[in-house]
Structure formats: C-alpha cells, structure tokens
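**Q** Dropping a structure here in structure tokens format, bear with me for questions.
The values are calculated or read from the model by the stated rules, or taken from the named source; none is laboratory data. Computed from a predicted model, the values in this text were never measured in an experiment. No Cβ is skipped: glycine too gets one built from the backbone with ideal geometry, and neighbour counts run over all protein chains shown. Quick note on the areas: whole protein, heavy atoms, side chains included, nothing else; ligands and nucleic acids left out. Shrake-Rupley method; radii C 1.70, N 1.55, O 1.52, S 1.80 Å.
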Amino acid sequence: TKGKIMQIQQANTQNFGARFISPATIKIKNDKGKWVDDTVSFIKLNTGRKADVKAIEDVKYHWDGQNLSGGVAEEVKILGNKAEVFALTTQTDNFERVNPKDILGIMSTDKTRKAKGNIEIFKIGSDPSIAYEQNHRQRPIKHVAKSMVQEFVRLLSKNKNVDSVVTHAEPSGIKFWDRVGFKQTGEELPQRYSIDKNDFSEFIG
C-alpha cells in the first residue's frame, strides 16, 4: 500500500496532503526494558494545504510550543507554501489526514525540490514527552530526531546537485549534532555544522 500512496501523492498540489517519503527506524523500549527497532513514517507536509497547516499548529498546541514546534509553525505562517516541513509519525497510511498526536518529531528545511549546493535544516524537535532534553532517563522512544536527519540526508543523496546538508546549532543543540555525526565547520555563532556529500552513504548506512 505504501507504493500506491506514494504514487497517489506525488503531485504536490493544493488537493493532496502530506507525502510519504520513506520508512524510518527508531528505538522503542519493549516490555523487558530493552531497546528494539521499530519502523515509523518519514513524511513531508503540504504547507499549501489548510489541513496540513492545521496539523502543524496542532503539534505546537500538543507540545505547548516547546522543542521548536512554535518556531516551525511560525515559519509556515510567514512563508506559506514556500515553507518545507517534514515529520516523523507512527501513522502508516491515509496521509491526507495527518494526526498531530501521532507525530513524534518535526523539522523545517531549505527547499528540496531541484535543490542545489548546501541545503539547511532550520529547526528540528521531538515531542517533549520523548525528547532527550526533557526525559532522557524515562523516555520510551529514542532516536526520533536522528532518524529524521538520516532520512532527510537519504532523500537528498539522490540529488547529484546537493553538496552538503548544513545546520546552525544553538548551544542546546550542539551535543545532538555532535552525537549524530555532523562536523563543526564554522566558528560563528550559532555554530555551523554540516555533513558533506562524500559522507552521505556512511551516514545513512
């Protein structure tokens, strides 16, 4: 069914909802307290469609504006359908109706269609109930933000005109970017981190 969904939602028009990009792997804690792999969906929301914009606003509401959800919603409000927003969700189909309560993580980026050069991740955050910063000892799910970044790099690795994926890390995010394998490439603040095309295949495994 995933292949069929992808075919149906290839057209990026006002009528179509979020698009399934790829399966993604996260870690969940099983009944015995051990971390095991679980598969979720990496999707791209259609910021030119009211239902998807409302879903982004609802994520901000459910997360109390925390973990950059408010910033992503603000970008969409300002940029409209020029905003690029991706999410990780436990939802597996029916992406024309995105359930905000199923969204584990959200991020905003540079344009990916006909992308060239350095492509930036602007904002990235996980549901506060499972985020490392707020609940790293008790959380039942991990690797949400890492998985989003990996699948974003995987998506861009198919484009020969993309040179690198970059981000400007706020102090609170530096540990995360170090941990996932981005390299610091600038001294300015916020600090610039990147991964070059030569390292894409190793990064995405």
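**Q** Could you grab the pairs with beta carbons closer than 6 Å, sequence gap of 6+ or different chains, first residue in region 162-191 and closer than 15 Å to Asn118 by Cα, second one open to solvent by 40 Å² or more (accessible area, probe 1.4 Å) and part of a helix (DSSP H, G or I)?
**A** Within 6 Å, the pairs are Asp163/Lys197.
**Q** Go through region 38-62 and give me each residue that's within 12 Å of Thr89 (Cα to Cα) and open to solvent by 10 Å² or more (accessible area, probe 1.4 Å).
**A** Within region 38-62, Asp38, Thr39, Lys44 qualify.
**Q** Please go through region 102-112 and pick out each residue that is in contact (Cβ under 8 Å) with a residue 40 or more places away in the chain and not hydroxyl-bearing (Ser, Thr, Tyr).
**A** So the first thing to find is which residues in region 102-112 are in contact (Cβ under 8 Å) with a residue 40 or more places away in the chain, and the list is 103-107, 109, 112.
Answer for region 102-112, where residues must be in contact (Cβ under 8 Å) with a residue 40 or more places away in the chain and not hydroxyl-bearing (Ser, Thr, Tyr): Ile103, Leu104, Gly105, Ile106, Met107.
**Q** Name the single residue, out of those in region 68-117 being over 29 Å from Lys197 (Cβ atoms) and among the polar types (S, T, N, Q), that is nearest to the chain's Cα centre (by Cα).
**A** Among residues in region 68-117 that are over 29 Å from Lys197 (Cβ atoms) and among the polar types (S, T, N, Q), the one nearest to the chain's Cα centre (by Cα) is Ser69.
**Q** Give me a count of the residues in region 167-181 that are within 17 Å of Ser108 (Cβ to Cβ), modelled with pLDDT of 90 or more and not in a strand (DSSP E or B).
**A** Of the residues in region 167-181, 2 are within 17 Å of Ser108 (Cβ to Cβ), modelled with pLDDT of 90 or more and not in a strand (DSSP E or B).
**Q** Take Arg137 and decide whether it is farther than 17 Å from Thr89 by Cα, open to solvent by 30 Å² or more (accessible area, probe 1.4 Å) and either touching a residue at least 40 places away in the same chain (Cβ under 8 Å) or within 17 Å of the chain's Cα centre (by Cα) (or both). Outline the logic, then answer.
**A** Details: farther than 17 Å from Thr89 by Cα: yes; open to solvent by 30 Å² or more (accessible area, probe 1.4 Å): yes; either touching a residue at least 40 places away in the same chain (Cβ under 8 Å) or within 17 Å of the chain's Cα centre (by Cα) (or both): no.
Answer is no for this residue.
**Q** Related question: How many residues, within region 50-67, are over 16 Å from the mean Cα position of the chain (by Cα) and of a type in the set (A, V, I, L, M)?
**A** Selection size over region 50-67: 1.
**Q** Failed condition for Leu88, given (1) open to solvent by 10 Å² or more (accessible area, probe 1.4 Å); (2) touching a residue at least 24 places away in the same chain (Cβ under 8 Å); (3) closer than 23 Å to Gln138 by Cβ, with all others met?
**A** Failed condition: (1).
**Q** Taking only region 143-161 into account, find how many residues are open to solvent by 50 Å² or more (accessible area, probe 1.4 Å) and in contact with a strand residue (DSSP E or B) (Cβ under 9 Å, 6 or more places away or on another chain).
**A** Within region 143-161, residues that are open to solvent by 50 Å² or more (accessible area, probe 1.4 Å) and in contact with a strand residue (DSSP E or B) (Cβ under 9 Å, 6 or more places away or on another chain) number 4.
**Q** How many residues does region 7-47 contain that are at pLDDT 95 or above and touching a helix residue (DSSP H, G or I) at 6+ places or on another chain (Cβ under 7 Å)?
**A** 10
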